[in-house]
1. All but one of (1) in contact with a Phe, Trp or Tyr (Cβ under 9 Å, 6 or more places away or on another chain); (2) basic (Lys, Arg); (3) open to solvent by 40 Å² or more (accessible area, probe 1.4 Å) hold for Arg148, so report the exception by its number.
2. For region 241-272, which positions are more than 18 Å from Asp209 (Cβ to Cβ), out of contact with any strand residue (DSSP E or B) (no Cβ under 9 Å at 6 or more places or on another chain) and not in a helix (DSSP H, G or I)?
3. Could you list, in sequence order, the residues of region 112-126 that are part of a loop (DSSP other than H, G, I, E, B), open to solvent by 50 Å² or more (accessible area, probe 1.4 Å) and either hydroxyl-bearing (Ser, Thr, Tyr) or within 18 Å of Phe60 (Cβ to Cβ) (or both)?
4. Exactly one of these conditions fails for Arg153: (1) in a helix (DSSP H, G or I); (2) surrounded by fewer than 15 Cβ atoms within 10 Å (Cβ to Cβ). Give me its number.
5. State whether the residues of region 13-22 include one that is farther than 20 Å from Gly145 by Cα and at pLDDT below 95.
6. Go through region 89-99 and count every residue that is under 15 Å from Leu62 (Cα atoms) and either surrounded by fewer than 18 Cβ atoms within 10 Å (Cβ to Cβ) or β-branched (Val, Ile, Thr) (or both).
7. Restricting to region 201-224, count the residues that are surrounded by fewer than 23 Cβ atoms within 10 Å (Cβ to Cβ), touching a residue at least 40 places away in the same chain (Cβ under 8 Å) and assigned to a helix (DSSP H, G or I).
8. Looking for something at positive phi, under 14 Å from the mean Cα position of the chain (by Cα) and not hydrophobic (A, V, I, L, M, F, W, C) - is there at least one such residue anywhere in region 101-114?
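The values are calculated or read from the model by the stated rules, or taken from the named source; none is laboratory data. In this text, all values refer to a predicted model and were calculated from it rather than measured experimentally. Neighbour counts are summed over all protein chains in view; Cβ atoms, including those assigned to glycine, are modelled from backbone coordinates with ideal geometry. Ligands, DNA and RNA are excluded from the accessible area calculation, which covers all protein heavy atoms including side chains. Shrake-Rupley method; radii C 1.70, N 1.55, O 1.52, S 1.80 Å.
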Amino acid sequence: MAETTGSCVSLYIATGVVTVTVLLLYIRRAKSSPAEPHPRDTVMLHQLGKGVHAPSISPFVLKLETYLRMSNIPYKNLFDKKMSSKGKTPWIEYNGEQVPDSEFCIEYLSAKFNVDLNSKFSHSDRAIGRAFRKLAEEDVYWYIGLSRCVYDRHRTIFSRLGLRWLIRKILERKALTSAWHHGIGRHSETEVTHIAVGDLKALSDFIGDKRFLLGDTPCQEDCAVFGILAQVVWQMPGSDGERAVNEKYANLRQYCVRIKDKYWPDWDDRVMESV
């Protein structure tokens, strides 16, 4: 497998860009390779390879694996770059059942293992947590993708992953097209950044000096918020977002470090470059 092809899988998923057309040959090869038998009663987590400064450049991989760790659910990583039935990653298999999409995976696992990370919180608190998850995954997420593919003129993360110029140009075009159809791509770079920094401020104001999103105990939505914020903190070097979490909203960086230290003791073993 060529180096650029493997990296291309990672970067398309990280930015929400459709990969099927560009990587059809790769995916066919992955599907045709013989599958190893999976141990029973163990969640098999299909995901990408290592990230540069975090275990994955996909916020949804970090979200799902953090959830598994918070919930003490036995799992095994499969860094096979295989796509789910929806053409996305991460996804899981459990005793022969396949579940795509990180949020549907969490719903499935919560029911299957009788886990409720939100049991200590009121319905009102849960609603607030959901709202902040949607803010992160539906707003800040697009800023991350556009920053990596378009706004960062040096394509810093891409370069550190070994992506060649042609693949970077393909990513740029795909990201612009996807963002345009979504709507956020019709704004200028200044406007998109303004929106994202405003979202970061809202998260910072709400978290304040709390240990986690809703208080001293982590909730389910912390997994998603951490997945997004970890990209801004560690994998968007030189961006306005990174400056915001380091200078204006330092409690967001402290929040990420807190979750990393609590649930990711093997963090440095899972990254390409330690920070």
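1. (3)
2. Trp264, Pro265, Asp266
3. Passing the criteria: Ser119, Ser122.
4. Answer for Arg153: the failing condition is (1).
5. no
6. 2
7. Residues that pass the stated criteria total 6.
8. yes
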